[in-house]
Amino acid sequence: MRQYAFFLGCIAPNRYPGIEASAIKTSEKVGIELLPLKGASCCPAPGAFGSIDLNIWYAMAARNVVLAEQMGVDITLICNGCYKSIYEVNEKLKHNDELRDGVNEVLKEIDMEFKGSVDVWHLAELYYDPKIVGLKKIADSITRPLSGVKIAVHYGCHLMKPAKERHFGDSENPMWIEELVAALGAEPVQYRNKMLCCGAGGGVRGYDLTHAIDITNEKMINLQEAGADALTEVCPFCQLQYDRGQIEIEEKFGITWGLPVLHYNELLGLAQGMSPDELALDLHAVDVEPFLKKIL
Amino acid sequence: MAEVKKNEEPRIGVFVCHCGTNIAGSIDIKAVMEYAKTLPNVAIADDYQYMCSTPGQNKIVEAIEEHKLTGIVVAACSPRLHEPTFRVATREGGLNPFRFEMANIREQNSWVHMHQPEEATEKAKDSVRIAVAKASLLEDLIPKSVPVERAAMVVGAGIGGMQAALDLASAGIKTYLVEKNPTIGGKMSQLDKTFPTLDCSQCILTPKMVDVFRHENIELLTYTEVEAVEGYIGNFDVTLRKKARGVLTLEEAEARGFVGGGCNGCGDCEDVCPVIRPNPFELGMAPMKAIYIYHPQVSPLLYTIDFDSCVKCNLCVDICGDKKAIDLNAKDEFETVKVGTVILATGYDIFPIEEKFEWGYKNYDNVITSLEFERLICASGPTGGHLIRPSDGATPKKVAFVLCAGSRDNTGVGKPYCSRFCCMYSLKHAHQIIEKIPDAVPYLFYMDIRSFGKMYEEFYYRIQDEGAKFIRGRVANILEDPVTKNLHVNAEDTLLGRPIDVEVDMVVLAAAVQPAAETDATRRLFGVSCSQDGWLLEAHPKLNPCGTTTAGVYLAGVCQGPKDIPDTVAQAEGAASAASIPIHLGEVELEPYFAVCLEDKCAGCGMCINLCPYQALALVEKEGRTVMQVTEAKCKGCGTCGGFCPGGAIWMQHFATPQIIAQIDAFLLGGEQ
Amino acid sequence: MAVKKDYKDKKLAEKLRDRKYYIPDSNPEFIKEVEKIGLTAAHLCYQCGTCTGSCPSAPRSSYRIRLFMRKAILGLEEEILTDPDLWLCTTCYSCTDRCPRDLAPTDAIMAMRNLAARRDIVPRNFLKTTQLIYQTGHGVPNNDANRAARMKLGLEAEPETTHKYPEYLAGIRKIMDHYGLKERADKILAEEG
């Protein structure tokens, strides 16, 4: 078992607890033990905090990293917003002395010091990495192949971009999450403008909801065109935007889409035999039933 | 070895140059001059606005006479710029020109310390002190002259290399024209029409190819690469690898006793060859056999076997019959030729534009490169000149041209420079589709239209008048309609200030150019430098654009930097002229910076022999002792042997140990030595 | 300097306001500030429009990231910081990935937002998120319905975060207080009413 400090973020534990529950259970079956990261906070939200003062964003994210440094284990997480904060600040502070000194001056007030001793990983990349888990182990772990369903992937901006500050290569047409989807027995489908943003980021969801969901609606048009049975992602904030966003689209624009949206860990949980109840899929705003019927 | 005048009292003249305000703007010239006067051995110190001017040089000439000087120091620019100038002045004053030393207080001082005048002045004093210390120990040196071989070599037989070879040959010089491909003509032979005149590329190129082929002074070596280079200006020994072609020319056949045999280009072999592979000349858009010519107009008309794909079935040998032109057991052959000067004309490749993922080249069927467009629009190309969409063979009506595709790009994926001819050929492409396809509309996405050449801006005007649409914005990304395979080109019309999405049938990427793949290996063989982006480095960007820092090696065409056909031909003629000068002079002077063996100290251990990178050293018997001997013409004065010799028996002329120690002492000990 | 028009009719004065760009009206230091905060050499922008062409917000609004870059270079500080479009960037970083000058326009926008925030120009939702974090450690805190759902899943009602360990909140508050963020957010929200 490889051990990682499990950084939860906000939306998974507090809105979609099924993502948290499935992440812990599904990871165990592929050799990853997720340890509680006690006292972690919001990453903090890169849009809200970064827009007001990047220095506060650096310091708050660094505090979360230091909690893992104190445990002596790398961090893994399940949200792209968290990935931007925790991964990017960790890397920035490791490589920019001036930023690190500034942050450590603040952390000193709470008896903490950023040392740069741990790395940060998205759980999905650990699944994909053959040195950690790999597609084969994922495929071997499933008991209920998701055969006969078409699943589209939303990668999420903060996972993939800026590509130069990431390590996933092509940010224009990546395919690795599709490979993870195919490992579950489902058919990944491509759709127009796949890498378009969900619309939620940068504080726009809170600042101008109709603007944000108009972007989401464009995504829905493209997804519909591709005939997807469900959309999967690796970011609870994108999930919120697609899931609750569809209700908001209905309210504001009078258009109904009804496309189930599931985090990859929820899909993996289903494929490993977890029941919809164990995943709290009833908390999803868009009814997941039509999708479940196709696979159960 | 030059005579060391042991008892000579050094008397040094120091001259400090203002270089207008280039130096005087940040360095206190008077302070440096006054300081120089306090240094040991300095007999006179003076300054002048421009030391390189005639009055400036006269100061040196007059001071040598008046002050009985033994050495000259000029504190000015880089010796790469004006060392030759001041050496001439030193000689005119009656001193040996190697009694001159330069202190660089411009490139290495005033230009980089513009905002630190005090520190810059102190550094200039250091430089002058160091130079005076060396000048005090300089000796008379006599350069050697060596004869120049009356032959030249041109590497690369594109339009640049062909023009250079024709000029050299027409000037009466035997010229070896070396080309790695089986045929000559280079990139220009792949083009359809040329801007701004719209004359057919093949039509103007073919006569040149024929001239090259027929010229009595040109020895054309196709399918040949440079393997090794030895020697120096006037005497390069170039070893060539003649790649196994598997097909004999008429002459080669005759040499083997097959009189009347050899390849006549009949093509029977190609018909029977069972191996099919992509034709690189057609950029993979047409098939080719393992025994091949690129296209029917190749020069020389001679088949070649690709031994990587040949299955040696012997069908070609059988059909060739009595001509006995095919030899499936051919091996690479090597030949060494001696030449006096060399011109590199190695050309360019297209940047692999698929690395810019956002434009989808090699991912979307109907996104092609400009060079592919040239082949598709060319009457002798794979489609007979009918531009078609690769996805369905339909004729495109709306075509987007993406300019600066990978050029002017600082991301690391792409090239920071302007590729210089894409604007113009894209305008030409726009013209060609308007001319050939009824109702066709070209959309040119551009940042700037750089139509700087003669009649180029007029050409831009003409294409605009013909109806091409110009959108001032760089293409952000391209999305493919999965059903129609049409392409949505996304950009901002920056003049309108609105994002736009243009649906087109085809996209043509004006991909950046980069040095040809073999350029780096070739330049290393000839000791030529390159700039950061890989283009071969000229000796001076303005005043010596055809020369290199390696004497006797010159540059022509795009290998030195992106340029269009007129500029390439002009540079080729310049390079040919420059390369012919040493040959016509018949001899060249070598810088006398070679190693000298101090035989009384040499123990004959021979350790230096293997260290020498130029095979310039050997052990010889002299008066019953074994001592080392230097072949001066081969020695480059690198100092490897001199630095190593355990007995201190090797004297590096002009960079002798006592001279260097004196410089170090002068720096470390300040004025006190 | 722009020509002042002291016309009696204020509406006419606004209608006929001098639109010329005058260098003395701009702040040449602004771009340097943007670059210092955004860690990107924004002054190298050559206005190709790749950013706007990549932008998910541009097709549905008047937000033009290229124009923000241009205005920043010209020092049009006032215009930038008071423009409500500044807050329409979703920070998707498509422009940053494609920028041929290897700049990060997204980070330049973030820097301009930081500079707006220094003048207390920040949309409410941004401030409210920071207030929630000050109170609970989470931008999206737990609630009773979710607690019930968590327990049904066999999870504890409170996640292993500041929710379960509120003693960690002191540290978070100290960091935010170091920058006076809570106080400022309270003040701005109170002023807006």
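The values are calculated or read from the model by the stated rules, or taken from the named source; none is laboratory data. This structure is a prediction, so every number in the text was calculated from the model and none was measured. Cβ: placed from backbone, ideal geometry, glycine included. Neighbour counts: every protein chain shown. Quick note on the areas: whole protein, heavy atoms, side chains included, nothing else; ligands and nucleic acids left out. Shrake-Rupley method; radii C 1.70, N 1.55, O 1.52, S 1.80 Å.
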Would you be able to say whether some residue in region A:168-185 is open to solvent by 10 Å² or more (accessible area, probe 1.4 Å) and in contact (Cβ under 8 Å) with a residue 60 or more places away in the chain?
-> yes
Check your understanding: surrounded by 24 or more Cβ atoms within 10 Å (Cβ to Cβ), within 19 Å of A:Gly156 (Cα to Cα) and assigned by TED's automatic domain parsing to the domain that holds C:Tyr21 - does that describe any residue in region C:68-87?
Key -> no
The residue that is farthest from B:Arg474 (Cα to Cα), considering only those in region B:362-418 that are touching a helix residue (DSSP H, G or I) at 6+ places or on another chain (Cβ under 6 Å) and within 14 Å of chain C (Cβ to nearest Cβ), is B:Val413
Expected single match for at negative phi, more than 9 Å from chain C (Cβ to nearest Cβ) and surrounded by fewer than 24 Cβ atoms within 10 Å (Cβ to Cβ) among A:Lys29, A:Lys92 is A:Lys29
Those residues of region C:178-193 which are surrounded by fewer than 18 Cβ atoms within 10 Å (Cβ to Cβ) and at the interface with another protein chain (Cβ under 9 Å from one of its Cβ atoms) amount to C:His178, C:Tyr179
Given the criteria open to solvent by less than 20 Å² (accessible area, probe 1.4 Å), at pLDDT 95 or above and within 29 Å of B:His295 (Cα to Cα), does B:Ile159 qualify?
no
Subset of region C:138-153, residues open to solvent by less than 40 Å² (accessible area, probe 1.4 Å) and more than 12 Å from A:Asn14 (Cα to Cα), comes to C:Leu153
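How many of the residues in region A:202-233 are part of a loop (DSSP other than H, G, I, E, B) and touching a Gly at 6+ places or on another chain (Cβ under 6 Å)?
Taking region A:202-233 and keeping what is part of a loop (DSSP other than H, G, I, E, B), we get A:202-203, A:208, A:227-229.
From what's left, touching a Gly at 6+ places or on another chain (Cβ under 6 Å): A:202-203.
Adding up the residues that qualify gives 2.
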Just one listed residue, out of C:Asp97, C:Asp120, C:Asp107, is out of contact with any Gly (no Cβ under 8 Å at 6 or more places or on another chain) and surrounded by 20 or more Cβ atoms within 10 Å (Cβ to Cβ), and it is C:Asp97
Of the residues in region A:68-87, those that are surrounded by fewer than 21 Cβ atoms within 10 Å (Cβ to Cβ) and in contact with a helix residue (DSSP H, G or I) (Cβ under 9 Å, 6 or more places away or on another chain) come to A:Asp74
Residue count, region A:95-113, condition within 12 Å of chain C (Cβ to nearest Cβ) and not in a helix (DSSP H, G or I), comes to 5
Filter region C:159-177 for residues that are charged (D, E, K, R) and more than 7 Å from chain A (Cβ to nearest Cβ); the one that is surrounded by the fewest Cβ atoms within 10 Å (Cβ to Cβ) is C:Glu167
Note: among B:Gly586, B:Gly561, just one is modelled with pLDDT of 95 or more and in contact with a Pro (Cβ under 8 Å, 6 or more places away or on another chain), namely B:Gly586
Among the residues of region B:513-526, the number that are closer than 17 Å to B:Glu230 by Cα and in contact (Cβ under 8 Å) with a residue 40 or more places away in the chain is 4
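Considering only helices (runs of 4 or more DSSP H) fully contained in region B:1-112, which possess at least 1 residues that are touching an Asp or Glu at 6+ places or on another chain (Cβ under 6 Å) and open to solvent by 20 Å² or more (accessible area, probe 1.4 Å)? I'd like the intermediate steps shown before the answer.
Values: elements: B:29-37, B:54-67, B:79-92.
By residue number, B:54-67.
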Over region B:463-522, the set of residues assigned to a loop (DSSP other than H, G, I, E, B), within 14 Å of chain C (Cβ to nearest Cβ) and open to solvent by less than 40 Å² (accessible area, probe 1.4 Å) is B:Gly473, B:Arg474, B:Val475, B:Ala476, B:Thr494, B:Gly497, B:Ala512
Only one of (1) open to solvent by 10 Å² or more (accessible area, probe 1.4 Å); (2) touching a residue at least 12 places away in the same chain (Cβ under 8 Å); (3) within 22 Å of the chain's Cα centre (by Cα) does not apply to A:Asp243, and that is (1)
Log entry, pairs with first residue in region B:71-96 being basic (Lys, Arg), second being at pLDDT 95 or above, beta carbons closer than 7 Å, six or more apart or on different chains, reads B:Arg87/B:Pro97; B:Arg87/B:Phe100; B:Arg91/B:Pro97
C:Glu156: passes all of (1) more than 20 Å from A:Ile52 (Cβ to Cβ); (2) at the interface with chain A (Cβ under 9 Å from one of its Cβ atoms); (3) of a type outside the set (A, V, I, L, M); (4) surrounded by fewer than 19 Cβ atoms within 10 Å (Cβ to Cβ) but (2)
When restricted to B:Ile343, B:Ile291, the only residue open to solvent by less than 10 Å² (accessible area, probe 1.4 Å), closer than 30 Å to B:His584 by Cβ and touching a Phe, Trp or Tyr at 6+ places or on another chain (Cβ under 6 Å) is B:Ile343
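Regarding region A:140-156, can at least one residue be identified that is without any contact (Cβ under 8 Å) to a residue 24 or more places away in the chain, within 24 Å of A:Leu259 (Cβ to Cβ) and aliphatic (A, V, I, L, M)?
Keep residues of region A:140-156 that are without any contact (Cβ under 8 Å) to a residue 24 or more places away in the chain, which gives A:140.
Now drop any that are not within 24 Å of A:Leu259 (Cβ to Cβ), which leaves none.
No: zero hits.
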Sole miss for A:Leu268 among (1) more than 9 Å from chain C (Cβ to nearest Cβ); (2) under 27 Å from B:Phe357 (Cα atoms) is condition (2)
Counting only residues in region A:49-66 that are open to solvent by less than 10 Å² (accessible area, probe 1.4 Å) and within 7 Å of another protein chain (Cβ to nearest Cβ), the one farthest from C:Thr91 (Cα to Cα) is identified as A:Arg63
Out of (1) charged (D, E, K, R); (2) within 26 Å of C:Arg98 (Cα to Cα); (3) more than 13 Å from every other protein chain (Cβ to nearest Cβ), the one A:Asp214 does not meet is (3)
When (1) more than 9 Å from chain C (Cβ to nearest Cβ); (2) open to solvent by less than 10 Å² (accessible area, probe 1.4 Å); (3) in a loop (DSSP other than H, G, I, E, B) are applied to A:Gly9, the one that fails is (1)
Checklist entry - Within region A:35-45, is even one residue within 18 Å of the chain's Cα centre (by Cα), open to solvent by 10 Å² or more (accessible area, probe 1.4 Å) and within 7 Å of chain C (Cβ to nearest Cβ)? => result yes
